[in-house]
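Computed from the coordinates by the stated procedures, all read-outs in this text should not be read as laboratory data. Fair warning: this is a prediction, and the values are worked out from it, not measured in the lab. Heads up, the Cβs are rebuilt from the backbone with ideal geometry, glycines too, and the neighbour counts pull from every protein chain shown.
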């Protein structure tokens, strides 16, 4: 009975120009029970075989008895491992033998659109897999595996910054893609200290967790708690952001390779072969009881959560403070208080940023949104409207007519010295430095650039 | 935007609608003394409705529905100098020693020798792996790191790094809650020789440990001592030291699977133990360069011991097998067959045998 399955990569014969995926099955006592090899080729046959490296394996539970594997593959003899591969098996419950069910090759256009062999590209394959009884969750690292043996690289992965990765959900029964998200980790292009991207995933009924490695000063180990239903997770610009990938050959999309464009050949050989048993002991280590060999590490952390807030619809500077608060919007924050810089969205999946404009958020406050984030938080000013002339110099002001409505924050009918005068009822646009009059004989002077009536004004000068 | 004021009629339908649900949605008031999240009281947890029983419709008067924060998040951790402190005994506790702070040259390693691994138990307790560098990211030692997170808030609770002796790069490769032992995490170290010595893609030693995600109490020098979460007892960590069948790391990072025989399906009936399996790449130093990398698997038996730093090992009875079928160097574009490896493992639960 096969109950343990290891997955990996082999070279099928000496000097082969391809790699193949392999699964070796064992019983609980590590008696090898069978081996499987998986080979990809295009329709012209063995001479055009493709390379396949398998990276992950999981079991979906007894209700469905499926074992699925993921990895990366080439799309030709001299191509790079720029495609992602997923294959599901039905498992015989009495013997543990696997038979192929469905598979998918997908190009994840995270870094590049598919390019010929002369251009490596950086698009990765699937590295991690976690299954429940209905769905398969998979994730890439941050970029592709390299086809070279280079000890200085990161377990044969390229690294770069910012880094892109993909996390996806497939339906087990038929391989339907439920969602694929593109993640961007970090922001600037550097030359050292590259992050790894997604280094592991773990699944619970209501959450998919992904450990990630994001480069920043004094960075620690981070993780995402993702909604498995739709792939939603809160992000933060420059650290981790995500967007849904469309089915598209364009950059940022994903391409499914038609099943008619390639052949998958799976061979199954029962029994044990090529096994070397090593006599081994488990020894004590050099971690001494002197406990200063163990260190308490003290990370600080920020938790980015999507909070909701009450707001008006988008408004203008002149009407925001009288706008009705009747909307529920959302912001990303590390606390429940919206602040300057908070990313703001109109939906609970944080997919639609608020349009630029003014939004009233309380009886006394409004925010200004620019490029999807809060550029300022402002106080609604209580103002008094009054009729006034426009502004001009002192020699001309008496000739002006009184045809404008302005607003001041003072207590009188007309602005007094020290009051601020605005051209809008929201109290956001101050009058320019100049002379104005508010009746046939009295004028006031604005100086200082902040709309403030100069001391000793208004004066009866007309 | 708000439910009716006191003295006015109020209904479950109105409360549903205020919460942007269909008015006729089934709407129990609380179900339990601690309201379930889909009940009316539970739904209004962030709206100022009293969550303590007994509950009443009158508590919804004048309330406006506030959507609770999304339970999905991104946790970004930062380790600023000084990153941490060495542990010391202090009375009946083990605490961080303020006089032994790690220098500012210590930081968490995210580059090539950064760690990996993530596991979670049914209590939503998350544990992750990493590594700490003692001298930036380009030289010096690397030390494996484990972090566990608060089950409720999701924020880092405690992190511990382990200082193996010698100048070798270590990082946590993988960890898993041990099947049958939900507060015990098995973790596997990955090593790389110091680049000035033998940077050939493999090392003789590989280390395996089990830590508790709870605080533990043990006797040290005749006194009862409380040890912190993730403390590594010496009798719960073991190594394989094999200069022939080395641990390779080209295209490979050790992975773990565990099984406990709680269902006692014959012939596996010992519910007190778990089997732990580790797969990784093996480099055979005796074989020629074109053939030396293959996949390997180790099984060991875990039995929770008295975690007293004593002599009884928690990890015993290793079985070590190599699937040795590397046919030699590959053709273009690969050039090498060094990618031959096991990359991952899955172990079925015991009840799958039936």
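Take every residue in peptide A:200-207, count the Cβ atoms of other chains within 10 Å of its Cβ, and give the average of those counts.
Details: counts 12, 1, 10, 1, 5, 1, 3, 7.
Rounded to a whole number, the mean comes out at 5.
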Task: Simple spin-label estimate for residue B:2 and residue A:382 in nanometres, 7 Å along Cα-Cβ - done: 1.9
- [ ] Rank by packing, highest mean first: peptides A:163-175, A:448-460, B:245-257, with packing defined as the count of other Cβ atoms within 10 Å averaged across residues.
- [x] B:245-257, A:163-175, A:448-460
TODO: Would you please classify the overall shape of region A:384-460 from the alpha carbon gyration tensor, given that a ≥ b ≥ c denote the square roots of the eigenvalues, rounded means a/c under 1.5, and beyond that prolate means a/b larger than b/c while oblate covers the rest?
DONE: rounded
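Hey, can you rank A:200-207, B:90-97 by average C-beta count inside 10 Å, highest first? Numbers along the way, then the final one.
Values: A:200-207: 18.2, B:90-97: 14.2.
Descending packing order for the listed peptides: A:200-207, B:90-97.
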Task: Residue order, fewest to most surrounding Cβ atoms within 10 angstrom, among A:283, A:263 - done: A:283, A:263
Task: Relative contact order of chain B, pairs being alpha-carbon contacts under 8 Å that are 6 or more residues apart, as % - done: 10
Task: Peptide A:326-338 - average C-beta neighbours from other chains (10 Å radius) - done: 2
Task: Of all DSSP beta bridges in region B:133-281, antiparallel share, percent nearest 5 - done: 95
Task: Over the protein assembly as shown, equivalent-ellipsoid semi-axes from the Cα gyration tensor in Å - done: 58, 31, 28
Open item on the list: With a cut-off of 8 Å between alpha carbons and a minimum separation of six or more residues, what is the relative contact order of chain A in percent?
Closed with: 9
Open item on the list: Please rank A:440, A:143, A:387, fewest neighbouring Cβ atoms within 10 Å first, as an exposure proxy.
Closed with: A:440, A:387, A:143
Task: Set of region B:152-182 residues, backbone N closer than 17 Å to the point 7 Å along the Cα-Cβ line of residue A:292 - done: B:161-166
TODO: Could you check what % of the DSSP bridge pairs in chain B are antiparallel, to the nearest 5?
DONE: 95
- [ ] Please find, in a Gaussian network model of chain B (springs between Cα atoms separated by less than 10 Å), the residue of B:317, B:332, B:100 whose mean-square fluctuation is greatest.
- [x] B:332
Open item on the list: As a test of the formula, what do you get for the protein assembly as shown when each DSSP H run with n ≥ 4 contributes -39,500 (n - 2.57) and the sum is divided by the residue count, at 222 nm and rounded to the nearest 500 deg cm²/dmol?
Closed with: -500 deg cm²/dmol
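Could the peptides A:344-350, B:149-155 be put in order, highest first, of the mean number of other beta-carbon atoms found within 10 Å of their residues? Don't jump to the answer; show the numbers that get you there.
On the way: A:344-350: 17.4, B:149-155: 15.6.
By packing density, highest mean first, the sequence is A:344-350, B:149-155.
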Open item on the list: Modelling each spin label as a point 7 Å along the Cα-to-Cβ direction, I'd like the residue A:42/residue B:200 distance in nm, to one decimal.
Closed with: 4.1
- [ ] Could you work out how far apart the two model spin labels at residue A:450 and residue A:274 are, taking each label as a point 7 Å from the Cα in the direction of the beta carbon, and quote it in nm?
- [x] 7.9
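Neighbouring Cβ atoms within 10 Å as the yardstick, rank A:113, A:9 fewest first.
Working: A:113 15, A:9 26.
Lowest count first: A:113, A:9.
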TODO: Report, as an integer, the average count of C-beta atoms from other chains found within 10 Å of each Cβ along A:301-313.
DONE: 5
